[in-house]
Amino acid sequence: MDRKIIIIASVLIAVLAIVASGSGLFWNGLYKNDTRSGAAQETGNDLVTLVLCVPLLLVSAYFTSKDSLRGRLIWTGTVFYFLYVYAMMSYMSAYNQLFLVYVATYSLSLFTFAYSLLTLDVNKVKESLSGAPVRITAGFMFLVGVMISLMWLSLILGPLASGQRPAALETYTTLVVQALDLGVIVPLSLITGYLLLKRNAWGYALASMVLIKGVTLGTAVLSMALFMSLNGVEVVLPEVIGFIILVMGALALTCVFYGKMKVPAIAIA
């Protein structure tokens, strides 16, 4: 990737995310048209975005611009976080004054993420991660896919069979989070696990990014649960425990995975 694109795209995403998340935290009434549960989740997500993910994006972008392969993978995984979160905000949040900010962040993150993947030398990624714990990481990817599938299908299949509205739907028109997870995260996790077991270069590249996304988004989900509890919204304890397991597993594997990485500099295409 061109260094200018890295810096410009990162700064733009960061500025947009600061405006969106800062407004969510400090603009009283921004989420007034959302359900109480939805507003609490959005606020919890805003906190993690502002405190953790924006700094991680900018720091990793700096190292990416210095030809760091480790920085490049962390940066791409962090951009994936912004892509997912602001796709969710664009499609699920009740319309408010920041709608175009959500869409702009989503769009910019989408094309930045795609550009990073298309210009990534996955063979060099595999070479640098030759000492990574492939089987354990692949197993974790399968665990993520299975746990998320079971978690959401348990909420959907019963009401679907009986013709009732699922409780998670609340006042929304469809299940956006579940659609994103079942349509993107679950297949991506399973495909990544399979490619890792086959020692395919893309498996190493995708795993390194999925782990970063797991740590960032998983932390955001736990923050959402905390804000829901503080606002008197009932949380499903097994789901919270499941996400704690996933976040801790992703964090541990991220440390091991990147700790095993050889760090030769690479040219950014």
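Each value in this text was obtained by applying a stated rule to the coordinates, not by laboratory testing. Remember, predicted model here, so these are calculated numbers, not experimental data. Every residue, glycine as well, gets a Cβ built from its backbone with ideal geometry; the counts of neighbours run over all protein chains shown.
Numerical summary
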quantity: Contour excess over end-to-end distance, with Cα ends at SER229 and LEU12 and 0.36 nm allotted per residue; calculated: 74.8 nm
quantity: Pair TYR91, THR173: separation of 7 Å Cα→Cβ label points (nm); calculated: 1.3
quantity: Cα centroid of region 1-76 to Cα centroid of region 206-258, whole Å; calculated: 17
quantity: Degrees between helix 3-26 axis and first principal axis of the chain (Cα, 0 to 90, nearest 10); calculated: 20
quantity: Count, lysine Cα pairs under 13 Å in the chain, 8 or more residues apart or across chains; calculated: 5
quantity: Helix axis angle, 69-92 relative to the chain longest principal axis, alpha carbon, degrees; calculated: 20
quantity: Relative contact order [Cα under 8 Å, 6+ residues apart], region 3-259, whole percent; calculated: 26
quantity: Cβ-based exposure ranking for ASP2, ASP46, ASP121, in which fewest neighbours within 10 Å come first; calculated: ASP2, ASP121, ASP46
quantity: Added length on full extension, which subtracts the Cα-Cα distance from 0.36 nm per residue, VAL256 to ASN123; calculated: 45.9 nm
quantity: Sequence of THR35, THR174 once ranked by neighbouring C-beta atoms within 10 Å, starting from the fewest; calculated: THR174, THR35
quantity: Gain in span if fully extended, TYR62 to TRP27, counting 0.36 nm per residue against the direct Cα distance; calculated: 9.5 nm
quantity: Translational D in µm²/s for region 170-269 (Stokes-Einstein at 4 °C, 1.567 mPa s, Kirkwood Rh from C-alpha pairs); calculated: 83
quantity: Cα extents of region 88-134 along the three principal axes, largest first (Å); calculated: 48, 23, 11
quantity: Cα-based equivalent ellipsoid of the chain: semi-axis lengths in Å, sorted from largest, via gyration tensor; calculated: 31, 23, 15
quantity: Residue-averaged [θ]222 nm for the chain, counting only DSSP H segments that reach four residues, each worth -39500 (n - 2.57); calculated: -25000 deg cm²/dmol
quantity: Between 0 and 90°, nearest 10: helix 99-118 axis offset from the chain longest Cα axis; calculated: 30
quantity: Exposure proxy ranking, count of Cβ atoms within 10 Å, fewest first, for CYS53, CYS255; calculated: CYS255, CYS53
quantity: Exposed GluC sites (Glu not before Pro) absent: longest stretch of the chain, with sites in DSSP loops and at most 14 other Cβ within 10 Å deemed exposed; calculated: 1-169
